[in-house]
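One structure is given here, and the rest of the page talks about it.
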Amino acid sequence: MPAVLRVAGLDVQYGGLVAARDISLEVHRGEIVSLLGPNGAGKTSVLRAVMGLVPRARGTVEFFDGATVHRVDTLATHRLAALGIASVPSLRIVLPRMTVEENLEVGGLFLGRHGGSLARERDRLYELFPVLGRRRRALAATLSGGEQRMLAIARALMARPRLLLLDEPSLGLAPLVLTEIFGLLQRINAEAEVDVLLVEQNVKKALEISHRAYVMRIGALDFQGSSRDILASGRLESAYLG
Amino acid sequence: MSQLVEQFINGLAAGANYAIIAIAYNLVFGVLNVFNFAHGATMMIGTYGVLLVVQGMGGGFTVAVVVGLLIAGLTGFLIERLVVRPLGGNQWAVAVSTIGAAIFIENLVRRLTHARPEVFPRPFELRYLSLPGGADVSTLQVMLVLVSVGLMLGMVAFLQRTRLGKAIRVIAQSPELGRCLGIDVARVVTLTFVVASLLGGAAGILNGLAYGSTYPYIGSYLGLKGFVVLIVAGVGNMRGALVIGLALGIAESLAVGFVGSTYRDFVAYGGLVLVLLFRPSGLFGEEVRVV
């Protein structure tokens, strides 16, 4: 069976500035995969290039939806959602002037889904994220950081994706909230069969929940492996400390 | 007392119209962070669409309104494609190019017509209704109030309930999230210009009905009034636009009725100066926004 996501030989460039070079990585069925590395290593650039939010200078991105392999590097960002790729950027993750309920609705609204099916999906997500259910009429701007992160993830799940792309889901979260959210990600991965590619600064937490990880350093892949092997090898220290 | 009621009703219709114009500015500003200064020209061209059908072709008023709105919508589409999109969202460039488009459209209409005010057709013979208290209102006035307020509320419902309205609101908050959620942002931007121009066309036609005339520069005049409402209410603030639009229309109307017709614009621009002096970010600042 093909990989759910296969990035091959990807270069990301802003004008003349190379942010990442020759990146190849895969996410397989059932996996949570982390893309790690120190600040400025280019991991967010890689994720944003996969989403199509920054231009891909070279290389291919393929997505397998269970039946067909799609060349998504030729597609505009808005086409990805309909194929089954949901994404959450790192900043400005919720729509502040919409209610929790509206935020969730727009997660599926533009994928050709209608009222009844959206409402059912939303109720299901309120069970998974009870705090959102309690605050369904509140404006997203009034939620705490952790609640906003949950809302962003729940909104991405409204699309019933096969693949979830997360850019720094730990950003700005207190340790307890982070543990809760990462626990939920594991549940979503196992129960809802959503594969996850996440970019993280918090290496320890990311390795705790992911099956495999890729580590970047100054715009290139440094090494990869299963989370257990990476933790045991001690190579992370060298990647981060030079 | 009866004059107060009459002026109030006039003001309500005019004010709802100002609110509609300000909402249209807000729609475009929301999705693209630019002002479409050719919006006034769109309003004007809607009224000439009506004249074209009624005077030029002897058509009925309903058909004329439909044609006027279609021409306004098409104008908005062309402005977005020809004058806005090529500039890639550069605020200042778009401000200049849309002002240029407005001058072009106005002068085109001026060349093609008499360049004089034209009598604007009426959909029906006026009848007067006597309200308790002695005020007389015409059936036209009643219609104007109902249609203007209806349009205003309809627009709010459009943004709150329809898929396109929600897409517009999403993009106004984060174009990037919009793309992640599957919205074809470029398409929605074009549609936003069309919707705003349809609104503008309707506002122009309502104004033509209210004053019984139209002329090539009516759009600049109305567009500027709508812009004042936008600035006083705070850019991006839909609810503020509704409140300030209505308040301005009513205040102007009362000033005309009780002080003198030369004071109409004094109210709008005097109020603007005061707001800019004391609350430069608008009366409602940034806090209450619908879009």
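No lab work stands behind these numbers, since they all come straight from the coordinates. Not measured: the values here are computed from a predicted model. Every residue, glycine among them, receives a Cβ derived from its backbone with ideal geometry; neighbour counts consider all protein chains shown.
Helices of chain B meeting both criteria, an alpha-carbon length of 27 angstrom or more along the long axis and an average Kyte-Doolittle score not below 1.0, with helices taken as full DSSP H segments, are B:2-32, B:139-161, B:185-211, B:238-258.
Listed by Cβ neighbour count within 10 Å, with the fewest neighbours leading, A:H114, A:H28 appear as A:H114, A:H28. Of all DSSP beta bridges in the protein assembly as shown, what percent run antiparallel (nearest 5)? Counting only bridges with both partners in the protein assembly as shown, antiparallel ones make up about 60 percent.
Where only DSSP H runs of four or more residues are counted, chain B gives -23500 deg cm²/dmol as its mean residue ellipticity at 222 nm, each run worth -39500 (n - 2.57). Cβ crowding within 10 Å, taken as a proxy for footprinting-reagent exposure, orders B:L131, A:L207 from fewest neighbours to most as B:L131, A:L207. Think of segment B:103-144 as a dipole: +1 on every Lys or Arg Cβ, -1 on every Asp or Glu Cβ, centred on the Cα centre; then among B:V137, B:L112, B:F124, B:L112 lies furthest on the positive end. With contributions of -39500 (n - 2.57) from each DSSP H run of at least four residues, the per-residue ellipticity at 222 nm computed over chain A stands at -11500 deg cm²/dmol. Give the shape of segment B:2-278 as rounded, prolate or oblate, defined through the alpha-carbon gyration tensor: a ≥ b ≥ c are the square roots of its eigenvalues, a/c under 1.5 means rounded, and otherwise the shape is prolate if a/b is larger than b/c and oblate if not. Here segment B:2-278 falls in the prolate category. Kindly identify chain A as rounded, prolate or oblate by the Cα gyration tensor criterion: order the square roots of the eigenvalues as a ≥ b ≥ c, call it rounded if a/c is under 1.5, otherwise compare a/b with b/c, prolate if a/b is larger, else oblate. Note, shape of chain A comes out prolate. Each part reduced to its alpha carbon centroid, segment B:170-213 and segment B:120-157 end up 25 Å apart.
A simple spin-label model places pseudo-atoms 7 Å from Cα toward Cβ; at A:D65 and B:A93 they are separated by 3.5 nm. Between A:R113 and A:R58, the distance separating the two model label sites (each 7 Å from Cα on the Cα→Cβ line) works out to 3.9 nm. For A:A19, the residues whose modelled amide H falls within less than 5 Å of its own, excluding neighbours fewer than 5 places apart on the same chain, are A:V12, A:Q13, A:Y14. Based on the reciprocal of the average 1/r between different C-alpha atoms, the Kirkwood radius for the protein assembly as shown equals 25.8 Å. Among B:F61, B:F77, B:F37, the residue with the largest mean-square fluctuation in a Gaussian network model of chain B, with springs joining Cα atoms closer than 10 Å, is B:F61. Each of B:T162, B:T214 was scored by other Cβ atoms within 10 Å of its Cβ. Listed from fewest to most, they are B:T162, B:T214.
Using the Cβ-Cβ distance between A:A174 and B:L146 with R0 set to 51 Å, the FRET efficiency from 1/(1 + (r/R0)^6) comes to roughly 0.40. A Förster radius of 45 Å combined with the Cβ-Cβ distance from B:Y269 to A:Q201 puts the calculated FRET efficiency at roughly 0.25. Rounded to the nearest 20, the size of the Cβ-charge dipole of segment B:2-278 about its Cα centre is 580 debye, with Lys and Arg at +1 and Asp and Glu at -1.
Shielding by partners for peptide A:70-79, expressed as the average number of C-beta atoms from other protein chains within 10 Å of each residue's C-beta, is 3. Could you tell me which of B:I218, B:L69, B:L177 has its Cα farthest along the dipole of chain B towards the positive end, charges placed at Cβ (Lys, Arg +1; Asp, Glu -1), taken about the Cα centre? After comparing all options, I get B:L177.
Taking all Cα pairs closer than 8 Å and separated by 6 or more residues, the relative contact order of segment B:2-278 comes to 40 percent. Between B:H114 and A:L75, the C-beta separation translates, for a Förster distance of 51 Å, into a calculated FRET efficiency of about 0.45.
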